[in-house]
Number of protein chains: 2
Amino acid sequence: MVPTRYYVGVDVGGTSIKSGVVNDAGSHLSVVTLPTEAARGQEHGLAQIDEAVRQAVRAGNLGLDKIAAIGVATPGPLDIGAGIILEAPNLKPWRNVPVRRHVEEAFGLPTAFQNDANAAAYGEFWCGAGRGARSIVMFTLGTGIGCGIVLDGRILDGRHSHAGEVGHVRVELTNPRRCACGRLGCLEAYASAAAIMLRTMEALAARPGESILERERGAELSTRQVFEAAAAGDRIAQNIVSDTAFYLAVAAANMMHTIDPDMIIFGGGMIAAGLPFLDQIRTHVSVLAFPVPAADTAVCYAELGSNAGFIGAAACARKLVQERDARLTP
Amino acid sequence: MVPTRYYVGVDVGGTSIKSGVVNDAGSHLSVVTLPTEAARGQEHGLAQIDEAVRQAVRAGNLGLDKIAAIGVATPGPLDIGAGIILEAPNLKPWRNVPVRRHVEEAFGLPTAFQNDANAAAYGEFWCGAGRGARSIVMFTLGTGIGCGIVLDGRILDGRHSHAGEVGHVRVELTNPRRCACGRLGCLEAYASAAAIMLRTMEALAARPGESILERERGAELSTRQVFEAAAAGDRIAQNIVSDTAFYLAVAAANMMHTIDPDMIIFGGGMIAAGLPFLDQIRTHVSVLAFPVPAADTAVCYAELGSNAGFIGAAACARKLVQERDARLTP
């Protein structure tokens, strides 16, 4: 039996960096969280990434000599082939950051580089909800909407690292909402947590005195409270939740009619809403999609929670090593 | 030098079957057209397909013994893996037609089977507008909207043969038009030739006396007349054309944010509208898509016209033979 190899996965977010050591079975030996402190600049950020690698290895009770490769996932837009963050809105003021080369040189190890949503999808594909599937589309539902597409075991990242930016697929032609990206009618402008909050505020303003959410109105209101109010029978909250389920079902059906994967996975903070919300999405999908994919495509929640990103980054590192081995084997 | 092989490609449409012999360079030695006569039933239809193969071979001055493989493309929905037409709205009353097995047995030759829009995309990829690209998305703009996706030289057909059904991606959430497929808000319900005619009728009814198209109103009106009236300065026709370009640009940008291909190709009868229409689409894409794919993704017209389907079907046959050879070579 071949002894397991170990990989370090690093998931760089706008607020924090999460990292861990992962073995060939997809189990993690350590999880470490550090602040990103993006505002302190990209040199500091790269040093934090290095530190996240070192701390993950130490917390895993290993030495760096036991690590076969490193994977780093970051928010986009990226040039994945070049290993560079171009200019990520979530990591201001970083610009043209050569993450992959920096990490390769800092540790002398093969280093994989990926978009964070793609990495999360790859993590779920490898050892989460997507285990055993050949192809998946995963949506990460947070303040924004991330998406990753895995086809036949490979992340689809596209010619310009823009594949899977399905949060910015336009779903409204004639009377579109404005998205945080500046464009109009993006999925994210309808179904993200930020969009839920905005739609809730609009509904409360349009129908004063009708919702228990009015008490909470303002900066304190969270999507969690909207889902709780809906569960408690609040009509306005129920409409917001129901519309959100519909929008996400449109996104799922649209991917069934484009990618036609084995499975559509929803992850991110919003899935704390629980199975009743997933059932609403599934019910809409059964009407929206063509009969064959509607009946047979699994629509489910992610399983790895906020570990999906670093586990997926480690999976990218593992794939890098496997592909190198395949090239070296005659 | 390896001598060229010959393949027969067959493109089965609702009205006619087009077939031809194609060599390894993508050149066709013959083109033959037969009526489909779908209403006469699927047994007759299969016999017409056989006849289309025989006539193509004869017109190419070859014998069947010179043919390496056959490719057949048909309208969907299909089960591509099983080689079966399930129940195609354009081939009523056909149902569960085992096309691939029938053709294999009739001619004793390896037979490839594909969706017609996928085959057309593969034809353009092989030896049309997509020559040299690694990945393309092609829209075929006719009465409906077909779409085919080629990634790294391979047709994406998906788990249930529903990949690339982008004509039935929903692009309007809140106030959708009804599509011929019965669903709401599909791209096809906005940007197909049928949609152009419907939108023109609506505009003429809403603003009587304002358009030269009113003279032509009724069964005689064609999309060609709408494009010609727009070119002649008719405001209502110009609005219809401009909206259509916008809808197709949304479709293109959405694919840049999902597949991120090297190239987006528009084919089908509507491209007779010419380069001014393509320029309108490109102008909208430059605003709708993220800057990097917007600047670098080619958006162009197809080059093979109505031959794309049978040439693409032949390309599928050729790929089948190549893959068999690769398996047999140690």
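The values are calculated or read from the model by the stated rules, or taken from the named source; none is laboratory data. The structure presented is a predicted model; accordingly, all values stated were derived computationally and were not measured. We place every Cβ from the backbone using ideal geometry, glycine too, and count neighbours over all the protein chains shown. Ligands, DNA and RNA are stripped out before the accessible areas are found, and what is left, the full protein with its side chains, is counted by its heavy atoms. Shrake-Rupley method; radii C 1.70, N 1.55, O 1.52, S 1.80 Å.
Brief remarks follow.
- The protein assembly as shown, dipole about Cα centre (Lys/Arg Cβ +1, Asp/Glu Cβ -1), debye to the nearest 20: 340 debye
- Cα gyration tensor category, rounded, prolate or oblate, for the range A:58-131 with a/c compared to 1.5: oblate
- Coupling constants for the range B:126-133 follow from the phi torsions by the Karplus curve (6.51 cos²θ - 1.76 cosθ + 1.60, θ = phi - 60°), and in residue order they are 6, 8, x, 4, x, 3, x, 6 Hz; glycine and proline get x.
- Highest-fluctuation residue, B:236, B:149, B:196 considered, GNM on chain B with Cα pairs under 10 Å: B:236
- Taking amide H positions as modeled 1.01 Å from N, with prolines and chain starts lacking one, the residues under 5 Å from residue A:13 and 5 or more places away or on another chain are A:18.
- Relative contact order (percent, whole number), the range A:241-330, Cα cutoff 8 Å, 6+ residue spacing: 35 percent
- Estimated translational D of the range B:193-282 in µm²/s (Stokes, Kirkwood radius over Cα pairs; 4 °C; 1.567 mPa s): 94 µm²/s
- Separation between Cα centres of the range B:163-181 and the range A:121-194, rounded to whole Å: 19 Å
- Residues residue B:279 and residue B:207, FRET efficiency given R0 of 30 Å [Cβ-Cβ distance, rounded to 0.05]: 0.70
- With a 1.4 angstrom probe, the accessible area lost at the A-B interface totals about 3800 Å².
- Selected from A:23, A:182, A:38, residue furthest toward positive end of dipole (chain A; charges at beta carbon): A:38
- Per-residue 3J(HN,Hα) values for the range B:4-9, derived from phi via the Karplus relation 6.51 cos²θ - 1.76 cosθ + 1.60 with θ = phi - 60°, read 5, 9, 10, 10, 9, x Hz in sequence order (x marks Gly and Pro).
- Using the empirical formula 2.2 N^0.38 Å as the baseline, the Cα radius of gyration of the range B:127-242 reaches a ratio of 1.28.
- Counting only other chain Cβ atoms within 10 Å of each residue's Cβ, the peptide B:186-193 averages 1.
- Directionally averaged shadow of chain B, computed from the convex hull of its alpha-carbon atoms, nm²: 18.5 nm²
- Chymotrypsin sites (Phe, Trp or Tyr not before Pro) within the range A:75-170: DSSP coil, no more than 13 neighbouring Cβ in 10 Å: none
- With contacts taken as Cα pairs under 8 Å and at least 6 residues apart, the range A:158-286 reaches a relative contact order of 18 percent.
- The phi torsions of the range A:92-100, fed into the Karplus equation with coefficients 6.51, -1.76 and 1.60 and a -60° offset, translate into couplings of 4, x, 4, 7, 6, 8, x, 4, 5 Hz, rounded to whole numbers, with Gly and Pro shown as x.
- Overall, the range A:140-214 carries a charge dipole of about 220 debye about its Cα centre when +1 sits on the Cβ of Lys and Arg and -1 on the Cβ of Asp and Glu, all other atoms neutral.
- The mean number of Cβ atoms from other chains found within 10 Å of a Cβ in peptide B:290-296 is 5, as a whole number.
- Rounded to the nearest 20 debye, the dipole size of chain A about its Cα centre is 320 debye, using +1 on the Cβ of Lys and Arg and -1 on the Cβ of Asp and Glu.
- For residue B:18, the lysines whose Cα comes closer than 19 Å to its Cα, not counting residues fewer than 8 places off in the same chain, are B:92.
- Our summary gives chain A a relative contact order of 21 percent, counting only alpha carbon pairs under 8 angstrom and 6 or more residues apart.
- Summarised in one figure, the compactness ratio Rg/Rh of the protein assembly as shown, Cα atoms and Kirkwood Rh, is 1.00.
- 5 angstrom amide H check on residue A:6, placed H, neighbours 5+ away: A:68
- Per residue, the accessible area of chain B comes to 41 Å² when a 1.4 Å probe rolls over the protein heavy atoms.
- The protein assembly as shown - percent of accessible surface contributed by carbon and sulfur, probe 1.4 Å: 51 percent
- Each peptide in A:177-188, B:287-298 gets a packing score, the mean of other Cβ atoms within 10 Å over its residues, and the list from highest to lowest is A:177-188, B:287-298.
- Based on DSSP H segments of at least four residues, each scored -39500 (n - 2.57), chain B has a per-residue ellipticity at 222 nm of -12500 deg cm²/dmol.
- Nonlocal amide H pairs with residue B:29, under 5 Å, H built at 1.01 Å: B:21, B:22, B:23
- Within 10 Å of each Cβ in B:255-265, the average number of Cβ atoms from other chains: 6
- Mean projected area in nm² (Cα convex hull; one quarter of hull surface) for the range B:217-330: 10.1 nm²
- Span from the the range A:46-111 Cα centroid across to the the range A:225-302 one, whole angstrom: 34 Å
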